[in-house]
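The values are calculated or read from the model by the stated rules, or taken from the named source; none is laboratory data. In this text the structure is predicted, and so the values were computed from the model without any measurement. Cβ sites come from the backbone with ideal geometry, for glycine too, and all protein chains shown count toward neighbours.
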Amino acid sequence: MINIPDIITHYIFGLEATQQIKKSKKIYQDISKYRELFYLGCQGPDPMFYHNNHKKRNFVPVANLMHRENTKDFIKSALDYVYHKQFQTKSTVVNSNKNQNITAETEQCLAYIAGFLCHYILDTAAHPYVFYIGGKYIKTQPSTYKYKSFHRKIESGIDYLLLEEYFGLKANKFKIHKNILQSKTVANSILKLYEYSLYNTYHIKHGGKIFSDSYSQFRNYFILTFDSFGLKKLIAKVIAPILPKGITGFVDSCSYYKCADPNFDYLNLSKSLWLHPVTGYKYYLNFFEILDLAYASISEILGELNNVFYGQTHDDISNLYDMIPNYSYSSGLDVSDRRPFKYAIF
């Protein structure tokens, strides 16, 4: 299952998060210089959800693993990779003149990691709400099959409404492959980061190829489903009976054309009660308030990321590690919390 606040929401969140550090943080220059890598980072591990999604052999298990196991360790591994590559000499002594010779490769990785952190913080903040109103499909539990397509419809509807709210644009006329997934291939610096971090965290080999192949299919998906006038959505419905079983559940939500039901309160603007899908805790937050909480968190983290690589005091990276939680992307709870999802709006 493709399991996310969707791609446009993550893109918008990343854009807004960087506006908060634009004037005061040097890392913003890296993000601005390598904006396509930052946008890609804003999609986190999600490209792997799109790899051969309709086939038995795919990289979806990698995406699932990254969403629920050792989430902090993967981010730490990526940061370690960049930090030690930039600052440590062959004798493993940290270079005291940190901010004088930041390499292009480090700048690229920092832009990507900044986006990845945005993705992580938004998922952990917003997923409990999304899973409550959209349900959580679990392949081995027939009682959850009703959520398979509805969850994706919720995410697409949120994408549609946020793009209209922030930029006055229609999602069905917004070319994701031009505006977000701008590069046809992934920079080698990011592939090397995945090669290191996937193995270091999960003992998964060939991380660079996994991410490269996944990104290619990720981008192609949005090229294929770009649908200004709804024609592709209509065709998909007609041919649904002959499509692979893994795809048919998403036919109705494959296009942004007329994807937002005007009678559904996707953003909880009514401030209705919703429950955390695992704990049952009660909330009345609307989606914009959830975003505000996530903005506050990511602003602090990006500020410390900037301090580590560009600060005059040369902050120890352990301070940054302490700020990053070890949460499940899905529940927003610590990964050690194995309680099942049991609360949903229907």
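Mind checking whether some residue in the range 102-118 is under 18 Å from LYS258 (Cβ atoms), among the aliphatic types (A, V, I, L, M) and under 19 Å from the mean Cα position of the chain (by Cα)? Step through it out loud before you land on a result.
If we filter the range 102-118 for residues that are under 18 Å from LYS258 (Cβ atoms), which is where we start, we get none.
So far as the range 102-118 goes, no, none of its residues is under 18 Å from LYS258 (Cβ atoms), among the aliphatic types (A, V, I, L, M) and under 19 Å from the mean Cα position of the chain (by Cα).
Determine the pairs where a residue that is of a type in the set (Lys, Arg), located within the range 16-37, has a partner that is at pLDDT below 90 with Cβ atoms under 9 Å apart, the partner being 6 or more residues away or on another chain.
LYS26/ASN99; LYS26/GLY311
So VAL238 fits all but one of (1) among the aliphatic types (A, V, I, L, M); (2) at pLDDT 90 or above; (3) in a helix (DSSP H, G or I); (4) surrounded by fewer than 16 Cβ atoms within 10 Å (Cβ to Cβ); what number is the exception?
Going through (1) among the aliphatic types (A, V, I, L, M); (2) at pLDDT 90 or above; (3) in a helix (DSSP H, G or I); (4) surrounded by fewer than 16 Cβ atoms within 10 Å (Cβ to Cβ) one by one, VAL238 breaks only (2).
All but one of (1) over 21 Å from VAL82 (Cβ atoms); (2) out of contact with any Pro (no Cβ under 8 Å at 6 or more places or on another chain); (3) not hydroxyl-bearing (Ser, Thr, Tyr) hold for PHE218; state the number of the condition that does not hold.
With (1) over 21 Å from VAL82 (Cβ atoms); (2) out of contact with any Pro (no Cβ under 8 Å at 6 or more places or on another chain); (3) not hydroxyl-bearing (Ser, Thr, Tyr) applied to PHE218, the lone miss is (2).
Out of the residues in the range 241-273 that are of a type in the set (Ser, Thr, Tyr) and part of a helix (DSSP H, G or I), which is modelled with the lowest pLDDT?
Checked the range 241-273; the qualifying residue modelled with the lowest pLDDT is THR248.
Somewhere in the range 299-313, is a residue in contact (Cβ under 8 Å) with a residue 24 or more places away in the chain, under 30 Å from LEU161 (Cα atoms) and surrounded by 19 or more Cβ atoms within 10 Å (Cβ to Cβ)?
There is at least one residue in the range 299-313 that is in contact (Cβ under 8 Å) with a residue 24 or more places away in the chain, under 30 Å from LEU161 (Cα atoms) and surrounded by 19 or more Cβ atoms within 10 Å (Cβ to Cβ).
For the range 6-28, which residues satisfy the criterion of being modelled with pLDDT under 95, surrounded by fewer than 21 Cβ atoms within 10 Å (Cβ to Cβ) and more than 16 Å from LEU110 (Cα to Cα)?
Within the range 6-28, GLN19, GLN20, LYS23, SER24 meet the criteria.
Does PHE288 satisfy the criteria of being out of contact with any Cys (no Cβ under 6 Å at 6 or more places or on another chain), crowded, with 19+ Cβ neighbours inside 10 Å, closer than 26 Å to GLY115 by Cβ and not aliphatic (A, V, I, L, M)? Outline the logic, then answer.
Numbers: out of contact with any Cys (no Cβ under 6 Å at 6 or more places or on another chain): yes; crowded, with 19+ Cβ neighbours inside 10 Å: no; closer than 26 Å to GLY115 by Cβ: yes; not aliphatic (A, V, I, L, M): yes.
In short, no.
May I ask you to verify whether TYR39 is buried (at least 21 other Cβ atoms within 10 Å of the Cβ) and either more than 26 Å from LYS139 (Cβ to Cβ) or in contact with a Cys (Cβ under 9 Å, 6 or more places away or on another chain) (or both)?
Details: buried (at least 21 other Cβ atoms within 10 Å of the Cβ): yes; either more than 26 Å from LYS139 (Cβ to Cβ) or in contact with a Cys (Cβ under 9 Å, 6 or more places away or on another chain) (or both): yes.
In short, yes.
Provide a single number: the residues in the range 199-235 that are farther than 16 Å from VAL60 by Cβ, of a type in the set (A, V, I, L, M) and either surrounded by 18 or more Cβ atoms within 10 Å (Cβ to Cβ) or modelled with pLDDT of 90 or more (or both).
3
How about the range 69-168: which helices (runs of 4 or more DSSP H) wholly inside it have at least 2 residues that are in contact with a Phe, Trp or Tyr (Cβ under 7 Å, 6 or more places away or on another chain) and modelled with pLDDT under 80? It would help to see each step written out before you state the result.
Numbers: elements: 71-87, 104-134, 147-167.
By residue number, 147-167.
Of all residues in the range 321-346, how many are part of a loop (DSSP other than H, G, I, E, B), of a type outside the set (A, V, I, L, M, F, W, C), modelled with pLDDT of 95 or more and surrounded by 12 or more Cβ atoms within 10 Å (Cβ to Cβ)?
Of the residues in that region, 8 qualify.
More than 20 Å from SER330 (Cα to Cα) and either in contact with a Pro (Cβ under 7 Å, 6 or more places away or on another chain) or touching a residue at least 40 places away in the same chain (Cβ under 8 Å) (or both): does that describe VAL62?
Judged against the criteria, VAL62 is not a match.
Any idea which of GLU155, GLU165 is within 15 Å of TYR11 (Cα to Cα) and touching a residue at least 60 places away in the same chain (Cβ under 8 Å)? Step through it out loud before you land on a result.
Working: GLU165 fails: touching a residue at least 60 places away in the same chain (Cβ under 8 Å).
That would be GLU155, the only listed residue that is within 15 Å of TYR11 (Cα to Cα) and touching a residue at least 60 places away in the same chain (Cβ under 8 Å).
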